[in-house]
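Scroll down for the structure; my scribbles are underneath it.
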Amino acid sequence: MATDTATTVHDDGHEHAPSFIDRWFFGTNHKDIGTLYLLFSLAMFLIGGAMAMIIRAELFMPGMQIVNPEFFNQMTTMHALVMIFGAVMPAFVGLANWMLPLMIGAPDMALPRLNNLSFWILPFAFLIMLSTLFMEGGGPAGGWTLYPPLSLQQGNSMAFVIFAIHMMGLSSIMGAINIIATVLNMRAPGMDLLKMPIFPWTWLITAFLLIGVMPVLAGAITMLLTDKFFLTSFFNAAGGGDPVMYQHIFWFFGHPEVYIMILPAFGVVSEIIPTFSRKPLFGYQAMVYATASIAFLSFIVWAHHMFTVGMPLGGELFFMYATMLIAVPTGVKVFNWVSTMWQGSLTFETPMLFAIGFVVMFTIGGFSGLMLAIVPADYQYHDTYFVVAHFHYVLVTGSVFALMAGAYYWLPKWTGYMYNETLGKWHFWLSTIFVNLLFFPQHFLGLAGMPRRIPDYNIAFSDFNMISSIGGFGFGLAQLLFVYVVWSCARGRSGIKVGDRVWEGARGLEWTVPSPAPHHTFTTPPKFDDRDLAHGDVSH
Amino acid sequence: MTPRRILACLAMLVVTTVPALAANPQRWQLNMTPGVTEYSRQVYDLHMLILWICVVIGVIVFGAMGYAIFKFRKSKGAVAAKWSHSTVAEVTWTVIPVLILIGTAWPATKTLIWIDDARESEMTIKVTGYQWLWRYEYIGTDVNFISRMDRESDRTRMLRSGMDPAAVQRDGENVYLLDVDNPLVLPTNTKVRFVITANDVIHSFWVPALGWKQDAIPGFINEAWTEIHTPGTYRGQCAELCGKDHAFMPIVIEAVPREQFDIWLEEQNRLAAGDAGDSNAPLAQLAADDALLANATESL
Ligand SMILES: [Cu+2]
Ligand SMILES: [Cu+2]
């Protein structure tokens, strides 16, 4: 229905040139909206990164040198909110917008107008949220988890934060509905679900997670809002409420949320490794089922974020076992990636480097995750820098590295030009060295007893903090190189035009359309051969 | 000195100073310490067990990957195989991790069941978190006091104070942000139960040497226990973000032998019950502290 509208509005017969405003503000083309999402998330990545630089600068040495503790807390809170809701999630939605229709042979997303709306909500949401930093009462300073009663101590600017998060949630839900509608209804004839490439698979599952949990977050923060402004007592013990209840509701959203940020990353990496191994993805069906199991388990492990709140023994045991269980399907994925490389014919272009970096460092984050699942040990690890190290390994060297890998992988398809391979490799190596300098010592800090979310610390923690800060500044600067590479690629600076199939080993429908991908693709459904699929033989 | 005397002295040194020192954070410290309780030692063992399991799995996985990276390069003429499936391999690497997980969950469950049981404790301490200090009450006595960060740390931590954090020392040890006016005094070799709550926002009571942290939640009471074996001074911090001075509400436990503790408690109890006119008496101190807290709460 919506596609009908799209095809009648856009005449597919010829390349037409809408005005700048029409194209970028009112356009419904999935590629343009994908580009908008990606550019927006890059901007947010830089803003969130700038906040991280402030944090690392204050933590460079003991003593308070740069900011006061109130502002420091606003920075840690905003850094997380911006990176999660502004950088990582929209970046994956951007990749989905660009690539899903190309990979499944659809002319556009199923609901193009909804697509425009779900993107354009975001800049306003973040404008509102970031503006609280300049309001009386300041930005949120109670951590991105917004635990009451602390989060309720923010001034009236809290209402803006909650409104902004509601908008982000709306945007995510609409995006998820669009992805499900597209993947379920618009696949090219003959592309059964179990023939579909793995990236659309991971996004399909992620979209269900989004629809499952974003409304839960909306409920939690609405109750915060009424506790703050309308004298309800959902989370106020003095009025008969329960502050721990908030944590349960929040993490019921929050744990699936971490999989929302990593499952599409699995998808990206599962596309890239076979390409540069010149070998089909190992265990395609196992990959799909592992993704689905992880998604299911993600709904029943939330309280592992709350082992120290005083849960009954039975609850702690249940959440420990369930959490440990996630290691099994996650392990299957890692083993499958390594097996894909085994006996392949490997080359190491930048996307492959980032994908390999992803597998290694995401696994390190997985290891610390397994350690955190052990409840008695978590009584020590909880709320220390060990946790900070853990989730940055899975989110930065995990999700963000996968995003970088995906960006380099598909940039030539988007722009028609090869990016500068030398600079791409520099970007990878600088990022990898500095990110480990940044986050690995944080394991030591946590184990030695440094709590997270503190602006100042004892001398004992000074050495590793300094190393970590140096790593942070280096990692931050290395990302400016990425911005330059993207810009110069988009401008065609390399002068190297690429063909349809950019990479020798690339399989899949997206490599059958010209580069740069024309404004409209697959206006008639493509015919394809099973051997065109990245995972090759699909009989098992 | 005979070699034997020297050895004895060294042994003494090891016994008296090393545990206490090692229990508090050290520069360049890489790992958790075994702490000073049976529980913290078990936690340390669990931590090392799971760490080594991860290291072994890591060596295998990254080893295989490294081998593939060097062996199966296109530049070395590697030709890609066609296979993409192996039921045997897939079943193996699903089943073996399950067995490893069961092997880890077993000792973890035992430790957890044991630490969960706070019965048969010999005394109870009530811990209350405030923004940004702690109150300790010795249940069944009149001893009840507030513990807040030492003044020198407090002056030094002010924005651009120009003071050197390294200069905040006690007994030759840097105690910047980790020292308090009134430490929590506890007897060794005694099962001490804690009931933990908070008055304003959520805090978390954490002394790494004891091996656990427990959230302090307004309106709710959490329970925990410890039995310290080694006398010494053990430092910790609030572990749950609790506002602007979250970094500045340390916890110090002074663990002393039981006889010494009993004398201390009796003395404190007498002071608390007795002369309130003395400004140094805990009770007077308490009244002042209460006024301060009331003000603090109002200003919120
Ligand atoms: Cu979780
Ligand atoms: Cu606190």
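Readers should treat all values here as calculations from the given coordinates under stated rules, not as data from a laboratory. Everything quoted here is computed from the prediction, not taken from an experiment. FYI the Cβ positions are ideal-geometry reconstructions off the backbone, even for glycines, and counts take in every protein chain you see.
Structural remarks
- A compact globular protein would have a Cα radius of gyration near 2.2 N^0.38 Å; the ratio found for the range B:123-298 is 1.02.
- Secondary structure note: in the protein assembly as shown, about 70% of the DSSP beta bridges are antiparallel.
- Using the Cβ-Cβ distance between A:TRP426 and B:ASP45 with R0 set to 41 Å, the FRET efficiency from 1/(1 + (r/R0)^6) comes to roughly 0.40.
- With N as its number of residues, the range A:117-184 has a Cα radius of gyration that, divided by 2.2 N^0.38 Å, comes to 1.31.
- Chain A: calculated mean residue ellipticity at 222 nm from DSSP helix runs of at least 4, using -39500 (n - 2.57): -21500 deg cm²/dmol
- Taking a straight Cα-Cα cut-off under 20 Å and skipping sequence neighbours fewer than 8 places away in the same chain, the lysines within cross-link reach of B:LYS110 are B:LYS191, B:LYS213.
- Here the calculated FRET efficiency for B:LYS110 and A:ASP532, from their Cβ-Cβ distance with R0 = 56 Å, stands at 0.55, rounded to the nearest 0.05.
- Cβ-derived FRET efficiency at R0 41 Å, A:THR226 paired with B:ILE96, nearest 0.05: 0.25
- Spin-label model distance (nm) - A:VAL513 vs B:ASP164, 7 Å beyond Cα toward Cβ: 6.5 nm
- Stokes-Einstein D (µm²/s) once Rh is taken as the Kirkwood radius of chain A over alpha-carbon pairs, at 20 °C in 1.002 mPa s: 90 µm²/s
- Kirkwood-Stokes translational diffusion coefficient of the range A:203-348, alpha-carbon pairs, 10 °C, 1.306 mPa s, µm²/s: 91 µm²/s
- Segment B:ALA64..B:ALA273, full-extension length gain: 68.2 nm, with 0.36 nm per residue of separation and the alpha-carbon distance subtracted.
- Given charges at beta-carbon only (K, R positive; D, E negative), |dipole| of the range B:123-298 in Debye: 480 debye
- Beta-bridge orientation, the range B:123-298: approximately 70 percent antiparallel, per DSSP, counting only bridges with both partners inside.
- C-alpha long axis of helix A:462-490 to longest principal axis of chain A, angle in °: 30 degrees
- The modelled label-to-label distance for the pair B:SER86/A:LEU193, using points 7 Å beyond Cα in the direction of Cβ, is 3.0 nm.
- Test item: Cα-centred dipole of the range A:478-519, Lys/Arg +1 and Asp/Glu -1 on Cβ, debye: 140 debye
- Summing charges over neighbours of A:ALA286, with a neighbour being any other residue whose Cβ is under 10 Å away from its Cβ, gives 0 when K and R count +1 and D and E count -1.
- For the range B:110-250, averaging the sequence separation of C-alpha pairs within contact (under 8 Å, six or more residues apart) and dividing by the residue count gives a relative contact order of 27 percent.
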